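One structure below.
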Amino acid sequence: MDDKQLYEAAEATLRANDKGTWTPPTSITLYPHQWLWDSYFIAVGQRHYDIERAKDEVRSTFRAQWNNGLVPHVIFSEPSEYHAGPDMWRSSKVSKDAPRKIETTGITQPPVAAEATVRIGEMLSREDRVEWYSEIYPKILAWHQMLYRERNPREDGLVRLILSWESGMDNSPPLMEMLHKYAMSNRVKLMKASGFDRWAEYRRRDTVDVPADERISTLDLHAIYDLIRSMRRKHYDYKKIMPNHKFQVIDLAFNCILIRANYHLELIANELGKELPADIKHAMRVAPHSLETLWDDETGYYYSRDAISGKLIKMPGVATFLPLYALKLPKERVDILMQNLHDPKKFATKYPVPTAPLDSSYFKPHCYWQGPTWININWFLIDGLRRNGQAKEADKLKNSTIELVRQAVVKDGFHEYYSPIDGSVAGAPDFSWTAALIIDLLKER
Ligand code: 2M8
């Protein structure tokens, strides 16, 4: 399959999944609603063949923005068997901030909106761009301000996540370490002791679509359900949640994406002739220094921080490279990251970049965020490598990413994730962001 055919197949996948103004992550029932960061990646692809449609995709994420600025991680649509659906969250009933007529989750996901908005803006005339930015700017601003107001008690520019799902890298090793350390409720412990989890396994809806060993474990999933219920009981009011919440992480990936998003927000504000408010300016000033506190010289990795104990979670993952996306790093730091990227015992696989290094106790080539290669992460890294003077490495990664998807596409279409070792597919088929970002990478050629 040549580039043109690959592009056409990707566009056809996105168009087939399209619901008019928003796009679900996949064609199958595994994810039947609108997911937040998925939509931003999707818009980045759509802009190449239908710019108005791409704008709608971004707009549609804000149709359910909460009064406090939160942009929810899922907007529920028609009734479905999705395992953590509106009955679990009950947003419109329990939260004073949630919209009344549309059901959503009560958490967010990585803020990729500013990136998608600017990528669309790049393709518009100056006049249209100003109109586009004027429409979206206040919504993104309210979201970022909410993150700093409610999730950054130390005012150091790094925000806390309150559920692993907020990171988007749901079962990545550091998040699972946190879950196991603090959030295994008595109910979950009892499930384990009595063997009831094996029965609960049969009732799982997601593992009908995708093999259980490619997904999160049943006990971990139930620990997440219990965290959701506890937040629901507190009406998703962060002041009530934060003092005793059993999951609080300074997530490396999320914060790198937020740091980058603020630069995009600044660019949008400049184009509109506006000044960023003081809280965002403060966060932009302090966050790069705070990010440095997530670096561990001894092991040569950036890590997430356990915000309950204050300690780094020394469980390496692909997020170690995301500071390249966030910032321009000092050369010595880039060199250490490149050594890790090139190390055949860690990240240098045939189809990089694995989400966990090969020498991690968690590594499994087909298990979700514990090893597989994901196209959205590579897409961030390609951009980050360029920003940090690694143009050749960026091209190399872009080419291997396109080849990874191409070698599987004829038989298997665009998949959710891939084995970094042999390129075999895993997770859901017809995966929207894989198709969208391949379009974007091909257009870059
Ligand atoms: C996965 O997450 C959802 C929960 O949000 C799930 O497993 O049910 C993650 O890969 C997440 O990053 C993604 O946005 C979502 C939909 O593609 O699926």
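Per this entry, residue 391 is not counted among residues that are free of Cβ contacts under 8 Å to residues at least 60 places away in the same chain and touching a His at 6+ places or on another chain (Cβ under 7 Å). With respect to (1) away from the ligand (no atom under 16 Å from the Cβ); (2) within 27 Å of residue 151 (Cβ to Cβ); (3) in a loop (DSSP other than H, G, I, E, B), the lone exception for residue 347 is condition (2). Cβ-Cβ distances below 9 Å connect the following pairs, each with a first residue in region 241-262 that is touching a residue at least 60 places away in the same chain (Cβ under 8 Å), a second residue that is among the β-branched types (Val, Ile, Thr) and assigned to a helix (DSSP H, G or I), and a separation of six or more residues or different chains: 247/224; 252/320; 253/318; 253/377; 261/140; 262/280.
Taking region 331-345 as the range and being open to solvent by less than 70 Å² (accessible area, probe 1.4 Å) and over 22 Å from the mean Cα position of the chain (by Cα) as the test, the residues that pass are 333, 334, 335, 336, 338, 340, 343. Search region 422-435 for residues that are free of Cβ contacts under 8 Å to residues at least 40 places away in the same chain and pair each with any residue that is of a type in the set (Ser, Thr, Tyr) and near the ligand (Cβ under 10 Å from one of its atoms) when their beta-carbon atoms are under 9 Å apart and the residues are at least 6 apart or on different chains. Pairs that qualify, where the first residue is free of Cβ contacts under 8 Å to residues at least 40 places away in the same chain and the partner is of a type in the set (Ser, Thr, Tyr) and near the ligand (Cβ under 10 Å from one of its atoms), are 425/417.
Within region 403-424, being open to solvent by 30 Å² or more (accessible area, probe 1.4 Å) and closer than 25 Å to residue 359 by Cα holds for 403, 421, 422, 424.
Can residue 204 be described as open to solvent by 30 Å² or more (accessible area, probe 1.4 Å) and not small (Gly, Ala, Ser)? The answer is no for residue 204. None of 123, 88, 146 is more than 23 Å from the chain's Cα centre (by Cα), among the aliphatic types (A, V, I, L, M) and at pLDDT 95 or above except 123. Taking region 206-300 and the helices (runs of 4 or more DSSP H) fully enclosed by it, the elements with 2 or more residues that are under 27 Å from residue 365 (Cα atoms) are at 206-209, 218-233, 252-272.
Among the residues that make up region 186-194, is at least one of them farther than 30 Å from residue 238 by Cβ, open to solvent by 10 Å² or more (accessible area, probe 1.4 Å) and at pLDDT 95 or above? No, region 186-194 contains no residue that is farther than 30 Å from residue 238 by Cβ, open to solvent by 10 Å² or more (accessible area, probe 1.4 Å) and at pLDDT 95 or above.
The residues on offer are 180, 222, 235, and the sole one that is within 16 Å of the ligand (Cβ to nearest atom) and open to solvent by 10 Å² or more (accessible area, probe 1.4 Å) is 222. Which of the residues spanning region 46-64 are outside any helix (DSSP H, G or I) and open to solvent by 40 Å² or more (accessible area, probe 1.4 Å)? Scanning region 46-64 gives 48, 49, 50.
The values are calculated or read from the model by the stated rules, or taken from the named source; none is laboratory data. Values in this document were obtained by computation on a predicted structure and should not be read as measured data. All Cβ positions, even for glycine, are placed from backbone atoms using ideal geometry, and neighbour counts span all protein chains on display. Only protein heavy atoms, including side chains, enter the accessible area calculation; ligands, DNA and RNA are left aside. Shrake-Rupley method; radii C 1.70, N 1.55, O 1.52, S 1.80 Å.
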